[in-house]
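First the structure, in the form of structure tokens, and then the observations on it.
Since every read-out is calculated from the coordinates, none of them should be taken as a lab result. On a predicted model such as this, the values are computed, not experimentally measured, just so you know. Don't worry about glycine lacking a Cβ; one is built from the backbone with ideal geometry, like all the others, and counts go over all protein chains shown.
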Amino acid sequence: MKAQGLTPILNVSDMQATFRWFETLGWQKGFEWGEPTSFASVCFGECQIFLCLHGQGGKGRGTATDTFADYSAEAADKGVWMSVWLQTVAEVDATFELCKQTGIEITHEPEDMPWGVRELHIRHPDGHVFRVGCGTGGE
């Protein structure tokens, strides 16, 4: 097998609210399928995520309010965890500020991790966690 790409599929409860959530972060709507829309995508640069209304995977949030504080609470999440890589550490901090201003749930504030990544965690309303980061060598 020789893969040419990988596109995650997120199970979402509200397609239009999910479009707005991603648009707040600078993503754009890709395609929409169905009437009403039951399958779609969002895009950011070369990255794409498929969205499926009430299907194709799990969703749901655990009780963790800090995604690196308690492993057992993290394990209760039913949503997908993904890493989103940015070009500079300044973008990680700018994303944090944007999330604070717009009310996007922050589950771990930006921190320089021992594995050489500045990382921020945010959570989609359906429980999907995005680890937004950049190598700390990126300026």
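What the table shows:
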quantity	calculated
Extension gain (nm, one decimal) between ASP112 and ASP14, 0.36 nm per residue minus Cα-Cα	31.9 nm
Net charge over other residues, Cβ less than 10 angstrom from the Cβ of VAL117 (K, R count +1; D, E count -1)	-1
Mean Cβ count within 10 Å, highest first, over the residues of peptides 93-103, 41-51	41-51, 93-103
Computed log₁₀ I(q)/I(0) - Debye formula, equal Cα scatterers, no solvent, the chain, q 0.12 Å⁻¹	-0.49
Region 52-139: antiparallel DSSP beta bridges as a percent of all, rounded to 5	70
Extension gain (nm, one decimal) between THR7 and ALA69, 0.36 nm per residue minus Cα-Cα	19.5 nm
Three-way shape label, region 69-139, alpha-carbon gyration tensor, a/c 1.5	oblate
